[in-house]
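The values are calculated or read from the model by the stated rules, or taken from the named source; none is laboratory data. Keep in mind the model is a prediction, meaning the values are calculated, not measured. Here the Cβ positions follow ideal geometry from the backbone for every residue, glycine too, while neighbour counts run over all protein chains shown.
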Amino acid sequence: MILETFPVGALDCNCTIVGDEATGEAIVVDGGDGVDEVVARLKRHGLRATALVHTHAHIDHIREVGRLRELTRGRALLHPADLPLYRTLAAQAGWLGLTPPPVVALDGDLKQGDRITIGGGIALDVLHTPGHTPGSVCFAVMQGDGASAATTLLTGDTLFAGSIGRWDLGGTSMEDIVASIHRRLLDYPDATAVVPGHGPFTSIGRERSSNPFLVGAP
């Protein structure tokens with residue numbers, strides 16, 4: 001399995017490519033603000049993207065998904081609860097002084113319990129984690145079967161090293177995001193790697209034991 005994370009865009013969003021060497025298939029997570037870099041890395045690995053998935057619809061995660069889809073022909077997917085947010089890309093661009101990107105029709109929904117597969121045994125399990133946005137999702141990178149097959153969690157702007165995502169941007173609360181983390185993420189083993197939407201990597205064990213938003217929370 002190829003699992004490569006790299007920062008893209010002005011806000012250093014962590015984009016991840018999950019690839020299968022045997023079939024050449026790949027999934028791109030949050031590549032919407034790094035189109036040229038994503039395409040170059042896919043080419044370097046000899047991969048073709050079959051799915052372009054997004055943890056949520058803030059502009060730094062999904063800005064140019066239309067152009068990325070044109071270049072890769074992957075299917076662009078988002079949780080439907082974030083479609084209203086996605087339609088505000090022009091306003092989001094204005095807040096950051098960016099040129100408004102086109103809002104394109106996406107190819108399908110991401111829902112709790114979905115599994116997106118590539119190759120013979122690599123998949124992303126979709127975990128709906130409302131809190132940062134109503135449609136925020138995380139992805140469990142799976143290789144093989146069973147709960148222990150989850151090697152890494154891609155947590156977007158839900159869970160960070162030593163912190164959690166903002167909850168004050170509309171339609172959510174701190175209680176929502178903390179509940180989502182407890183319900184969907186903290187059941188994974190301590191050794192499970194966590195790749196957040198920005199900043200350094202961490203692990204479930206480290207966050208369970210020391211994250212001030214999670215320690216002692218119900």
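Here are Gly156, Gly170: which of them is at pLDDT 95 or above, within 19 Å of Tyr86 (Cα to Cα) and among the small types (Gly, Ala, Ser)? Can you show your working first?
Numbers: Gly170 fails: at pLDDT 95 or above.
None of the other options fit; the residue is Gly156.
With respect to Arg166, is the statement that it is surrounded by 16 or more Cβ atoms within 10 Å (Cβ to Cβ) and not in a strand (DSSP E or B) true?
Values: surrounded by 16 or more Cβ atoms within 10 Å (Cβ to Cβ): no; not in a strand (DSSP E or B): yes.
No; evaluated as a whole, the condition is false for this residue.
How many residues are without any contact (Cβ under 8 Å) to a residue 12 or more places away in the chain and within 17 Å of Gln92 (Cβ to Cβ) if we restrict to region 14-57?
Taking region 14-57 first, the residues without any contact (Cβ under 8 Å) to a residue 12 or more places away in the chain are 36, 40, 43-44.
Filter once more, keeping what is within 17 Å of Gln92 (Cβ to Cβ): none.
Matching residues across region 14-57 total 0.
Would you check which residues across region 88-139 are closer than 23 Å to Thr172 by Cα and among the polar types (S, T, N, Q) and list them?
Those that are closer than 23 Å to Thr172 by Cα and among the polar types (S, T, N, Q): Thr88, Gln92, Gln112, Thr129, Thr133, Ser136.
Condition first: part of a loop (DSSP other than H, G, I, E, B), touching a strand residue (DSSP E or B) at 6+ places or on another chain (Cβ under 6 Å) and touching a residue at least 60 places away in the same chain (Cβ under 8 Å). Now tell me which residues in region 58-105 satisfy that. Explain how you work it out, then say what you get.
The initial filter retains those residues of region 58-105 that are part of a loop (DSSP other than H, G, I, E, B), namely 58, 63-64, 73-74, 79, 87-88, 97-105.
Narrowing further to those that are touching a strand residue (DSSP E or B) at 6+ places or on another chain (Cβ under 6 Å): 74, 79.
Passing the criteria: none in range.
Out of Ala147, Ala161, I need the residue that is closer than 30 Å to Arg206 by Cα, more than 14 Å from the chain's Cα centre (by Cα), among the hydrophobic types (A, V, I, L, M, F, W, C) and at pLDDT below 95. Which one?
Numbers: Ala161 fails: at pLDDT below 95.
None of the other options fit; the residue is Ala147.
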